[in-house]
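The block underneath contains the structure these notes are about, expressed in structure tokens.
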Amino acid sequence: MKLLAQGTINDYCQVIGHIGYPVYIIKGHHKIMMIDAGINLLAPKYYTDLTTILGNPQKLNYAAITHSHYDHIGAIPYLLKKIPGLTIVGAQRIQQLLRKQSVIDFMTHLSNIQKPLFEDLTGKEDVSLSSFDITLPVKDGDTIDLGDLTCVVYEVPGHTRDSLAYYFPQIKMLFPGEAVGVPQGMGGQEVQVEFLSSYDEYYHSLEKMASLEVKILCMAHGFVYTDDDVASFFGASIKATEQYKNLLLAYLDKVNGNIERAIELITLEEYDKKGTIHQERNAYISNLSAQVKLVAKDYQYIKG
Ligand SMILES: [Fe+2]
């Protein structure tokens with residue numbers, strides 16, 4: 001089945017916030033974890049929803065981050081003010097990255113583009129992005145005990161170098177962040193391929209996650225897949241990844257390996273003319289640039 005990322009998924013998992021930027025709450029018998037922290041503009045909404053489903057938001061023990069993008073860490077600074085005892089779980093590298101003011105500024109810029117969409121939910125509170133510490137740095141194979149549930153950490157680089165997936169074997173649920181791509185189109189029937197730090201690592205991470213026994217796949221944006229649709233999505237994502245690499249190589253061929261011209265041409269043909277990609281244009285170009293450069297390098301359009 002394919003569900004929207006909202007409401008109650010099962011006895012252990014509820015979704016809060018906004019379907020575009022869902023935050024998953026996992027309730028074990030002893031500890032409670034949220035997975036990802038969405039976009040900063042929605043921080044007050046996440047906090048209100050936490051209050052609704054937990055009664056007292058101070059019961060939240062962990063906030064586990066899948067990767068260092070602005071729309072996955074956004075509410076952490078706000079939530080730390082409200083819930084000072086919150087343990088922040090993620091890759092150690094995220095902390096170094098967030099210490100750079102240029103990174104905070106770029107994240108703020110990307111978030112500001114979406115301000116008009118969420119004004120009502122942001123309200124008047126200070127939701128500004130700022131640096132924070134990863135208080136529980138984790139790596140491949142680490143586990144976090146929630147009582148009757150165990151969270152197992154998988155390193156899944158390729159979307160970013162710090163991408164992590166969180167897997168709960170007792171309930172066969174996987175939270176892959178964007179390491180599996182993002183469902184695209186109104187019904188989520190297509191896959192937006194998301195390798196931004198390495199094509200080969202991204203592909204390998206996809207295979208690694210596809211080999212796990214997963215009954216419920218909770219996507220970073222929009223959807224939750226269950227049962228047979230999990231394997232279908234992994235299959236579609238692996239296929240789309242190969243096809244997308246070949247598409248970028250074909251465009252590079254057309255312009256004799258000129259990276260800037262390839263980016264312009266792809267934006268025109270694939271984004272502007274088709275109009276089927278539901279991503280903000282600047283964010284699309286920024287991601288596309290990284291992907292074209294990676295493919296060009298890996299397939300030797302850049303010599304030396
Ligand atoms: Fe991302």
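Read-outs: derived from the displayed coordinates by stated rules, not from any lab. Since the structure is predicted, the reported quantities are computational estimates derived from the model, not experimental observations. Virtual Cβ from ideal backbone geometry, glycine too; neighbours counted across all protein chains shown.
Rank-order 233-242, 58-67, 269-278 by packing density, defined as the average count of other C-beta atoms within 10 Å over each peptide's residues, highest first.
Averaged packing, sorted descending, gives the order 58-67, 233-242, 269-278.
Spin-label point model (7 Å from Cα, Cβ direction): what's the Thr276 to Gln243 distance in nm?
Modelled inter-label distance: 0.8 nm.
Based on the Cβ-Cβ distance of Lys172 and Lys124, what FRET efficiency does E = 1/(1 + (r/R0)^6) give at R0 = 45 Å, to the nearest 0.05?
That gives a FRET efficiency of 0.60.
Return the long-range amide H neighbours of Ile32 (sequence gap of 5 or more, or a different chain), with a cut-off of under 5 Å between placed amide H atoms.
Hits under the 5 Å cutoff: Asn61, Tyr62.
At 0.36 nm per residue, and after removing the present C-alpha to C-alpha distance, how many nm does the segment from Asp200 to Asn112 gain when stretched out fully?
Length gained, Asp200 through Asn112: 28.4 nm.
Ranked highest first by average number of other Cβ atoms within 10 Å, how do 151-162, 98-109 line up?
The peptides rank, most packed first, as 151-162, 98-109.
So between Glu190 and Glu269, what do we pick up on full extension, going 0.36 nm a residue minus the alpha carbon distance?
Result: 26.7 nm gained on full extension.
What percent antiparallel are the DSSP beta bridges of the chain, to the nearest 5?
Taking every DSSP beta bridge within the chain, about 75 percent pair in antiparallel fashion.
Is there a quick way to get the dipole size of the chain? I mean about its Cα centre, with the Cβ of Lys and Arg at +1 and of Asp and Glu at -1; what is the value in debye to the nearest 20?
It comes to approximately 460 debye.
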